[in-house]
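A short write-up of the structure that comes next.
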Amino acid sequence: MKFGTSGLRGLVTELEGRASALYATAFAHHLLQSGQAKAGDPVYVAGDFRPSSPGIAATCIAALSRAGLSPINCGAIPTPALALYAMSKGCASLMVTGSHIPADRNGIKFYRPDGEIDKGDELRITAIAGDLEGQDFDLSTVDVPHEEKEATALFMARNTALLPEGALSGLKIGVYQHSTVARQGLVDTLSGYGATVIALGWSDDFIPVDTEAVSQETIHLTQTWATEYHLDAIVSADGDGDRPLVTDETGMPLRGDLLGLIVARMLDAEVVVTPITSNSGIEAAGDFRVLRTRVGSPFVIDGMNGAVENGETAVMGFEANGGVLTATGFDLSGTRLVPLPTRDSFLPVLATLSLARQEGKPLSVIASAFALPFAGADRLENFPVETSAALMAHLRASEENLAGFLAPIGSVAKFSDIDGLRVTLTDGRIIHLRPSGNAPEMRCYVEAADEAASHLLLAQGLDLIRQWAADRT
């Protein structure tokens, strides 16, 4: 078990039972020791639809109760809904989810009363868990109050106040429901704004949808539906509903960092915080200052907090997966949008569809008008952590190693080691190699002058990684 880019992750067989009780107890002790909670305070718990989540949530609830807190079960709701509800109560929360990773894995996200935990909190929770390692845990469940309806209602009230009445009338939108906890909320929200909504692809089995590296299977589905139903767009989210998926009218997914950019313009943000993996054209795409961070919501949140501490008053962030975070309030449609410093999929979905309705143009045309460099991303799944670590160590060992590895595709002009290795080639193309922070995956991000060159560079980068791994065996 370890913390990744966002939360604790591991195999279900590792997390079920004692491990989840251990880390929930460590979280409770951290809250009590740091003064962020006192004995008897409520702590809100929810989970996603993967098969293991209800059992892990029940174990966490019991552990939190035995550690001196008063857990409240919020059922299966989106992560941003849980965070918003708990923050509105001034309380901590815990979300059981593996986000976009397969169902044989799961995870836990922890929230302080003021929002998502940071890397310092992760270290302290890990240390406390280490101190508790030899302790026996009672794994029997306990009965607690349920407030799923109340949490859902608050989140829906936020989303239904973002746009003017009828803002999406005239649009025909598909909602790929699969197994995301956001599936009904997306249908209800878009319908409420006047869109004609077609619900698609409901699944009782968990489907891991990665909105940053959309699978060919998902793209085939969305393209087929877009043609069959003559849709203006298809929207969806990952398992816990904090990362959006938006396609254009052809069913092709839009880049997550483009969705974040659209939100930044809609909110008239002054400071935008985003990881190094987001499109390099963002700096020139708006009247805002851009702060770059390492990959992961804790780093984005840390950057946003720094901007707020420096006196900035319109601060938001987004990740390349499309999840949008707000550190300050924003005035929108006559409503004050309260800060939500955790990833949210609903705001970028609504901002993008609203822009399409306002301009009366297909989303493919709107996306092209931003004139961002063509970018792509994909991953090698089930790629051993030890292999990715060895590759990165080899590439970092010398500039000669890096140049030799990339020689089949180009010459190195410069590189950044902020998070993984982001290399600019002499012809201006960019390739970024980065092990996943929360799964056995190796990720590759690229940018090029046109779409064909982007696809080619991505394929070449993944092939180089595969070949290097094969040569080691």
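The values are calculated or read from the model by the stated rules, or taken from the named source; none is laboratory data. Everything quoted here is computed from the prediction, not taken from an experiment. Counting neighbours? That spans all protein chains shown, and the Cβs are built from the backbone with ideal geometry, glycine included.
All of (1) surrounded by 14 or more Cβ atoms within 10 Å (Cβ to Cβ); (2) under 27 Å from the mean Cα position of the chain (by Cα) hold for VAL144 with one exception: (2). Taking the criterion of being part of a helix (DSSP H, G or I), within 21 Å of ARG183 (Cβ to Cβ) and of a type outside the set (Gly, Ala, Ser), the only residue of the stretch 242-263 that qualifies is LEU259.
In summary, ILE219 fulfils each of the numbered conditions (1) in a loop (DSSP other than H, G, I, E, B); (2) under 22 Å from the mean Cα position of the chain (by Cα); (3) surrounded by fewer than 20 Cβ atoms within 10 Å (Cβ to Cβ) with the single exception of condition (1). Scanning the stretch 309-319 for residues being farther than 16 Å from LEU337 by Cα and surrounded by fewer than 23 Cβ atoms within 10 Å (Cβ to Cβ) gives a total of 4.
So is SER388 of a type in the set (S, T, N, Q) and within 30 Å of LEU8 (Cβ to Cβ) or not? In short, yes.
If you take the residues of the stretch 317-365 that are of a type in the set (Lys, Arg) and in contact with a Leu (Cβ under 7 Å, 6 or more places away or on another chain), which of them is farthest from THR250 (Cα to Cα)? Write out each step before concluding.
So in the stretch 317-365, the residues of a type in the set (Lys, Arg) come out as 336, 343, 357, 361.
Narrowing the set further to residues that are in contact with a Leu (Cβ under 7 Å, 6 or more places away or on another chain) leaves 343, 357.
On the way: ARG343: 27, ARG357: 16 Å.
Per the stated criteria, the residue is ARG343.
Taking ALA92, is it modelled with pLDDT of 95 or more, touching a Phe, Trp or Tyr at 6+ places or on another chain (Cβ under 7 Å) and closer than 14 Å to PRO298 by Cβ? It is false that ALA92 is modelled with pLDDT of 95 or more, touching a Phe, Trp or Tyr at 6+ places or on another chain (Cβ under 7 Å) and closer than 14 Å to PRO298 by Cβ. When VAL43 is tested against (1) modelled with pLDDT under 95; (2) outside any loop (DSSP other than H, G, I, E, B); (3) not acidic (Asp, Glu), just one condition goes unmet, and that condition is (1).
Matching residues to (1) in contact with a Gly (Cβ under 9 Å, 6 or more places away or on another chain); (2) at negative phi; (3) among the charged types (D, E, K, R):
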| residue | (1), (2), (3) |
| --- | --- |
| LEU163 | no, yes, no |
| GLY174 | yes, yes, no |
| TRP202 | no, yes, no |
| GLU228 | no, yes, yes |
| THR247 | yes, yes, no |
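ARG434 meets the conditions (1) closer than 29 Å to SER297 by Cα; (2) out of contact with any Cys (no Cβ under 9 Å at 6 or more places or on another chain) in every case but one. The failed one is (2).
Report whether or not ILE101 is assigned by TED's automatic domain parsing to the domain that holds GLY17, farther than 24 Å from GLU14 by Cα and β-branched (Val, Ile, Thr). So that I can check it myself, show each step before the final result.
Working: assigned by TED's automatic domain parsing to the domain that holds GLY17: yes; farther than 24 Å from GLU14 by Cα: no; β-branched (Val, Ile, Thr): yes.
Considered against the rule, which asks whether it is assigned by TED's automatic domain parsing to the domain that holds GLY17, farther than 24 Å from GLU14 by Cα and β-branched (Val, Ile, Thr), ILE101 comes out as no.
With respect to GLY410, is the statement that it is outside the structural domain of VAL273 (by TED's automatic domain parsing), crowded, with 18+ Cβ neighbours inside 10 Å and on the phi > 0 side of the Ramachandran plot true? Spelling it out, GLY410 is indeed outside the structural domain of VAL273 (by TED's automatic domain parsing), crowded, with 18+ Cβ neighbours inside 10 Å and on the phi > 0 side of the Ramachandran plot.
Candidates are the residues of the stretch 422-473 that are of a type in the set (D, E, K, R) and surrounded by 16 or more Cβ atoms within 10 Å (Cβ to Cβ); the one that is modelled with the lowest pLDDT is GLU441.
No other residue among ILE173, ILE108, ILE125 is crowded, with 17+ Cβ neighbours inside 10 Å, in contact with a His (Cβ under 8 Å, 6 or more places away or on another chain), in contact (Cβ under 8 Å) with a residue 60 or more places away in the chain and not in a loop (DSSP other than H, G, I, E, B) apart from ILE125. Exactly one residue out of ILE207, ILE198 is in contact with a Phe, Trp or Tyr (Cβ under 8 Å, 6 or more places away or on another chain) and touching a residue at least 24 places away in the same chain (Cβ under 8 Å), and it is ILE198.
The combined condition, being farther than 18 Å from THR59 by Cα and either aromatic (Phe, Trp, Tyr) or at pLDDT below 95 (or both), is not fulfilled by PHE137.
How many residues does the stretch 63-91 hold that are within 30 Å of HIS178 (Cα to Cα) and not aromatic (Phe, Trp, Tyr)? Residues that pass the stated criteria total 17. Scanning the stretch 46-85 for residues that are surrounded by fewer than 24 Cβ atoms within 10 Å (Cβ to Cβ) and assigned to a strand (DSSP E or B) returns SER70, ASN73, GLY75, ALA76.
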